[in-house]
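One structure below.
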Amino acid sequence: MNRIAFLILPLLLAACARTADSGLELNELEYFERRGVNVLVYSNTFSGGFNDEKNSGIEIIHHGVRTVQGGAVRLVNTPEQWDLVPETSFRNVDAEAGTIEVGLRYPDYDFDSRIVVSPEGNAFRIDVWLDKPLPAELEGDAGLNLELLPSQYWNKAYLMDGCAERFPRYAASATVTRPNDEKVKQFKGYRTYDDRGTGRFVDPLPLSVGHTLVAAPDAPERMIKITSEDAELMLYDGRLLAQNGWYVLRSLLPAGKTGKVLSWTVEPNAVAGWVREPNVGFSQVGYLPAQPKVAVVELDKADKVRATAEVWQVKPDGTEARVFSGPVRSWGDYYKYHYAKFDFSSVQEPGVYFLRYGDVKTDNFIIGEDVLDRITDATSDVWIPIHMNHMMVNEGYRVWHGEPFKEGYLQAPANTDHFDLHSQGVIDTKYKALQLIPGLNVGGFFDAGDFDIETGSNISVVQNLVSAWERFKPMRDETFVSEKQRYVDLHRPDGVPDVLQYIEHGTLNLVAQAENIGHMAQTLSNSVLDNYHHLGDAAAITDGLHYDPRLKPYEKSADGRSSGTPDDMWAFTTRNPFLDLQAATMFAAASRALAGYNDDLSRRALTQSKRLMKEGTELMQRNPAGGNRGRGGFGNMSTNLQLYVSTGEQHYLDDFQEQIWPALDRNAQSAISAALDAIPYLDAAYRERLIPYVQQYKEYLDSMDEDNPYGVPIGLGNWAASGSVVTFGTTAAFASKYFPEIIGPEYALKAAGYLFGCHPYHNYSLVAAVGATRPKEVFYGNNRADFSFIPGNVAPGVLFRHPDHFENYDDWPFLWGQNEGTIAGNTSYLIFGAALQNLVR
Ligand SMILES: [Ca+2]
Ligand SMILES: [Ca+2]
Ligand SMILES: [Ca+2]
């Protein structure tokens with residue numbers, strides 16, 4: 001973000017702003033705005049497939065919360081993630097008329113429509129235009145949809161044509177089934193449901209039908225009135241089909257008509273004079289006495305920066321006393337809001353405190369020498385072991401999951417596209433399509449909120465854990481792991497450091513891949529979409545029986561060992577030499593960590609490391625495109641270092657040295673982490689030669705304070721940026737450890753502060769962790785349907801929505817880009833925590 005450019009924006013906005021009552025107007029960022037209401041029209045477009053589509057179309061940000069989205073011509077009553085979405089064929093913003101028109105196209109049906117959104121006072125109209133009549137096969141299916149966020153509307157009242165009802169807290173309304181041949185095709189022909197052999201799909205019936213809906217007349221910040229002139233409005237509950245569904249309001253498009261075929265008027269209520277409450281960002285986990293302490297205050301642009309803020313102490317007798325008052329300094333504008341900083345570093349006495357900014361009183365926080373000591377315990381003791389695949393995982397009275405995938409993994413058929421972004425090309429193993437590849441149902445970690453073994457992620461996991469083990473020797477033992485019993489018990493020490501057991505568990509699967517497939521698989525994943533979106537016990541994803549195509553679906557063999565249900569997981573084996581090199585790096589590191597604990601596995605890992613290093617390098621040299629990342633590039637630089645450390649063979653070190661300096665010259669910021677990794681193994685001259693690159697890296701670290709008010713890489717992609725912040729903090733911590741004269745600990749501490757609450761939108765800790773006063777409460781884990789969390793998870797966090805909105809729902813877990821934690825990300829957090837603790841000790 002160019003801060004200068006965005007300093008100009010408020011001036012432009014101010015120039016065209018009128019009074020709050022002048023109604024909705026198109027602003028410079030091409031959305032409709034009045035105080036308390038933003039109406040976005042395809043600022044975010046649909047993309048299909050592997051995307052949560054609750055982020056697109058016509059959207060309403062209502063008093064700061066995005067409560068309505070999905071405004072589009074859709075082909076089903078309550079669209080799921082893999083239902084067809086429209087392409088945006090054009091988007092015209094008519095600044096003079098103050099309207100936005102978008103073209104929507106369904107290429108599968110050669111079906112085009114246009115939507116025109118135009119303000120009318122405090123309301124806006126949505127008109128749907130057809131230049132050609134609706135294709136006959138979509139009659140009764142195509143309609144205008146708009147979706148309301150359940151967690152913001154449930155238990156609130158609504159009126160349909162004056163008749164009072166209540167939005168249901170849980171989906172329990174009527175459905176019908178219809179023959180599959182009436183089902184509009186889903187993305188790429190996938191099917192989200194298992195019809196149990198009935199040949200029929202489930203279709204929800206509407207909760208209410210009428211012409212005028214008033215939603216939430218009992219809640220002024222959520223109240224919205226929608227009127228349809230001609231067609232009936234139907235209100236559906238999308239959660240009947242999928243737990244992440246929203247309430248859907250829809251009208252069917254008429255058959256056989258052209259021109260303007262449908263019109264709605266939508267009037268979101270605006271609370272007069274509304275100003276968003278300041279979001280005071282601070283570390284919910286707390287502060288070390290001597291560290292810098294800066295709160296970042298996020299303010300509505302209609303708000304004014306207060307002159308001062310205060311620190312209050314909670315005394316041992318329960319009374320509260322003001323201990324510090326200091327100036328609040330404006331930082332500037334950043335997207336939608338204005339930011340100011342409050343420095344209270346001078347407060348150093350250990351104790352319990354809170355901040356006051358005007359009427360805002362924050363949650364309390366602790367100042368103490370030990371506030372960072374336990375920040376990774378929940379991740380290590382709870383989150384990571386729960387994600388161990390091929391094991392039963394128990395905690396006290398609770399079983400998190402049984403032993404999954406007992407039937408093993410089949411060779412994926414040739415030329416298969418996969419819904420989790422993988423694909424199988426020609427089969428490049430000794431196995432036939434759908435043949436069992438032996439030995440793969442061992443070890444490994446679930447990827448994230450899903451249950452596949454993403455090989456690249458699992459490689460990172462083992463690498464991260466070895467890195468933590470070698471650098472910090474964490475002897476923490478709170479987990480019982482028996483590979484023999486395939487059983488994990490949380491909070492039961494077994495005499496073996498947990499990190500070593502996690503390294504073993506990850507390595508077991510990855511070595512099995514290398515040995516049985518011959519190289520690394522891309523992924524071991526679901527074969528059918530209807531069990532990919534599984535929620536609940538991982539052991540229930542498949543039936544545990546070998547798939548036998550000679551049996552009928554749902555039929556079992558006489559010996560009870562096979563079934564005709566095609567639910568077995570597949571191994572996507574298409575060789576990627578870059579992945580082989582990453583695996584070689586990881587195997588070299590794992591072999592060291594496992595030596596003396598599991599010598600057999602240690603030897604197997606080293607054998608595969610050397611073989612994959614050789615074969616992967618040759619393959620990349622043969623492939624000109626891949627070769628660029630090989631010798632002299634990034635491809636095997638880290639592999640060479642790890643193999644040198646494991647074997648002591650000089651040629652690996654020579655190759656590393658030949659690669660690292662050009663990489664640093666190209667981009668010091670991205671290569672510095674690999675360079676720092678080598679310091680413990682090389683001489684003083686190597687460290688000396690790194691100094692100018694570390695100075696360049698410091699310039700990058702400092703530039704973050706100009707980039708945004710939080711001073712860390714916030715990220716604007718469609719997966720929020722906690723991971724980048726963790727990496728930023730880890731690299732800064734190591735740089736500070738090796739070059740304390742150049743880089744202080746403040747950068748790593750700033751990263752921690754961001755994760756623990758000093759960030760946009762709200763100030764909750766993004767880590768489901770012990771230590772925070774107010775951690776986030778819902779995450780996109782495999783228990784997300786319970787609106788819950790798995791302790792120790794790190795949420796991606798605050799997601800940027802175009803053109804100017806940051807968001808992290810904490811009452812709605814289902815948007816993965818905000819709330820999902822990953823095994824690679826959470827093991828990175830383990831290293832970050834250890835590096836930070838080590839740095840400040
Ligand atoms: Ca996955
Ligand atoms: Ca243990
Ligand atoms: Ca099976």
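The values are calculated or read from the model by the stated rules, or taken from the named source; none is laboratory data. This structure is a prediction, so every number in the text was calculated from the model and none was measured. Don't worry about glycine lacking a Cβ; one is built from the backbone with ideal geometry, like all the others, and counts go over all protein chains shown. Surface areas here come from the heavy atoms of the whole protein model, side chains and all, with no ligands, DNA or RNA. Shrake-Rupley method; radii C 1.70, N 1.55, O 1.52, S 1.80 Å.
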*Could you check, for region 502-518, whether at least one of its residues is under 23 Å from Gly449 (Cβ atoms) and within 16 Å of ligand 3 (Cβ to nearest atom)?*
no
_Unique residue being free of Cβ contacts under 8 Å to residues at least 40 places away in the same chain, in contact with an Asp or Glu (Cβ under 9 Å, 6 or more places away or on another chain), surrounded by 21 or more Cβ atoms within 10 Å (Cβ to Cβ) and among the hydrophobic types (A, V, I, L, M, F, W, C) when the list is Ala772, Ala795, Ala732_ = Ala732
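Given the options Ser525, Ser457, name the one that is within 16 Å of ligand 3 (Cβ to nearest atom) and hydroxyl-bearing (Ser, Thr, Tyr).
From the options Ser525, Ser457, the qualifying one is Ser525.
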*So which of Glu820, Glu777 ends up being of a type in the set (D, E, K, R) and buried (at least 19 other Cβ atoms within 10 Å of the Cβ)?*
Glu820
*Look through region 780-790, keep the residues that are part of a loop (DSSP other than H, G, I, E, B) and out of contact with any strand residue (DSSP E or B) (no Cβ under 9 Å at 6 or more places or on another chain), and return whichever of them is least open to solvent (accessible area, probe 1.4 Å).*
Gly781
_Quick check on region 135-145. Is at least one of its residues open to solvent by less than 30 Å² (accessible area, probe 1.4 Å), over 20 Å from Met234 (Cα atoms) and part of a loop (DSSP other than H, G, I, E, B)?_
yes
_Scan of region 268-280 for residues that are in a loop (DSSP other than H, G, I, E, B) and polar (S, T, N, Q), ordered by number_ = Asn269
_If Ala17 satisfies all but one of (1) surrounded by 16 or more Cβ atoms within 10 Å (Cβ to Cβ); (2) within 19 Å of Val275 (Cβ to Cβ); (3) at pLDDT 95 or above, what's the number of the condition it fails?_
(3)
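Let's see how each residue does on (1) farther than 30 Å from Trp816 by Cβ; (2) within 16 Å of ligand 2 (Cβ to nearest atom):
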| position | (1), (2) |
| --- | --- |
| Gly449 | no, no |
| Val466 | no, no |
| Glu478 | no, yes |
| Ser482 | yes, yes |
| Gly495 | yes, yes |
| Ile503 | no, yes |
| Leu510 | no, no |
| Glu515 | yes, no |
| Ser527 | no, no |
*Is at least one residue of region 409-416 open to solvent by less than 20 Å² (accessible area, probe 1.4 Å), away from ligand 1 (no atom under 16 Å from the Cβ) and farther than 30 Å from Leu836 by Cβ?*
yes
*Which number in (1) within 16 Å of ligand 1 (Cβ to nearest atom); (2) more than 24 Å from Leu421 (Cα to Cα) marks the one condition that Gln501 misses?*
(1)
*asked:* As an exercise: evaluate Ala595 against (1) hydrophobic (A, V, I, L, M, F, W, C); (2) away from ligand 1 (no atom under 16 Å from the Cβ); (3) touching a residue at least 12 places away in the same chain (Cβ under 8 Å); (4) in contact with a Lys or Arg (Cβ under 9 Å, 6 or more places away or on another chain) and give the number of the one condition it does not meet.
replied: (3)
*Where Gly536 falls short, out of the listed (1) in contact with a helix residue (DSSP H, G or I) (Cβ under 8 Å, 6 or more places away or on another chain); (2) at pLDDT 95 or above; (3) more than 10 Å from ligand 3 (Cβ to nearest atom); (4) part of a loop (DSSP other than H, G, I, E, B)*: (2)
_With the structure loaded, tell me whether Leu579 is open to solvent by 10 Å² or more (accessible area, probe 1.4 Å), at pLDDT below 95, within 16 Å of ligand 1 (Cβ to nearest atom) and not polar (S, T, N, Q) or whether it fails that test._
yes
*Quick one: in region 560-584, which of the residues that are part of a strand (DSSP E or B) and touching a residue at least 24 places away in the same chain (Cβ under 8 Å) is nearest to ligand 3 (Cβ to nearest atom)?*
Met569
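Which residue is most open to solvent (accessible area, probe 1.4 Å), if the candidates are limited to region 423-447 and must be small (Gly, Ala, Ser) and on the phi > 0 side of the Ramachandran plot?
Residue satisfying both the conditions and the ranking: Gly439.
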*So which of His505, His534, His546 is more than 24 Å from the chain's Cα centre (by Cα) and surrounded by fewer than 23 Cβ atoms within 10 Å (Cβ to Cβ)?*
His546
_Return the residues of region 513-531 that are part of a helix (DSSP H, G or I), at pLDDT 95 or above, in contact with a strand residue (DSSP E or B) (Cβ under 9 Å, 6 or more places away or on another chain) and open to solvent by less than 10 Å² (accessible area, probe 1.4 Å); say none if nothing qualifies._
Gln513
_Here's a check for you: in region 451-484, which residue that is open to solvent by 10 Å² or more (accessible area, probe 1.4 Å) and small (Gly, Ala, Ser) is farthest from ligand 1 (Cβ to nearest atom)?_
Ser482
*Please work out if Val488 is more than 18 Å from Ala590 (Cα to Cα), open to solvent by less than 20 Å² (accessible area, probe 1.4 Å) and either more than 16 Å from ligand 2 (Cβ to nearest atom) or touching a residue at least 12 places away in the same chain (Cβ under 8 Å) (or both).*
yes
*Qualifying strands (runs of 3 or more DSSP E) (wholly inside region 53-103; at least 3 residues being hydrophobic (A, V, I, L, M, F, W, C) and open to solvent by less than 10 Å² (accessible area, probe 1.4 Å))*: 58-62, 65-74
*Using beta carbons and a limit of 6 Å, which pairs, at least six apart or on different chains, have the first residue in region 240-263 and closer than 21 Å to Val176 by Cα and the second one surrounded by 22 or more Cβ atoms within 10 Å (Cβ to Cβ) and aromatic (Phe, Trp, Tyr)?*
Asn244/Phe814; Val248/Tyr236
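Residues are listed down the side, and each one gets a yes or a no for (1) under 34 Å from the mean Cα position of the chain (by Cα); (2) within 23 Å of Ala136 (Cα to Cα):
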position	(1), (2)
Cys163	no, no
Arg166	yes, no
Gln186	yes, yes
Thr198	no, no
Asp203	yes, yes
Pro220	yes, no
Ser228	no, no
Ala231	no, yes
Tyr236	yes, no
*Identity of the residue in region 375-395, closer than 18 Å to Phe451 by Cβ and aliphatic (A, V, I, L, M), that ends up surrounded by the fewest Cβ atoms within 10 Å (Cβ to Cβ)*: Met392
_For region 598-609, which positions are under 28 Å from Ala412 (Cβ atoms), touching a residue at least 24 places away in the same chain (Cβ under 8 Å) and open to solvent by 10 Å² or more (accessible area, probe 1.4 Å)?_
Arg604, Gln608
_Step by step: first the residues of region 221-247, then only those that are in a helix (DSSP H, G or I) and open to solvent by 10 Å² or more (accessible area, probe 1.4 Å), then the one that is nearest to Ala174 (Cα to Cα). Which residue is that?_
Leu240
*Unmet criterion (only one of (1) in contact with a Gly (Cβ under 7 Å, 6 or more places away or on another chain); (2) in a strand (DSSP E or B); (3) of a type outside the set (Phe, Trp, Tyr); (4) within 30 Å of Val840 (Cβ to Cβ)) for Ser283*: (2)
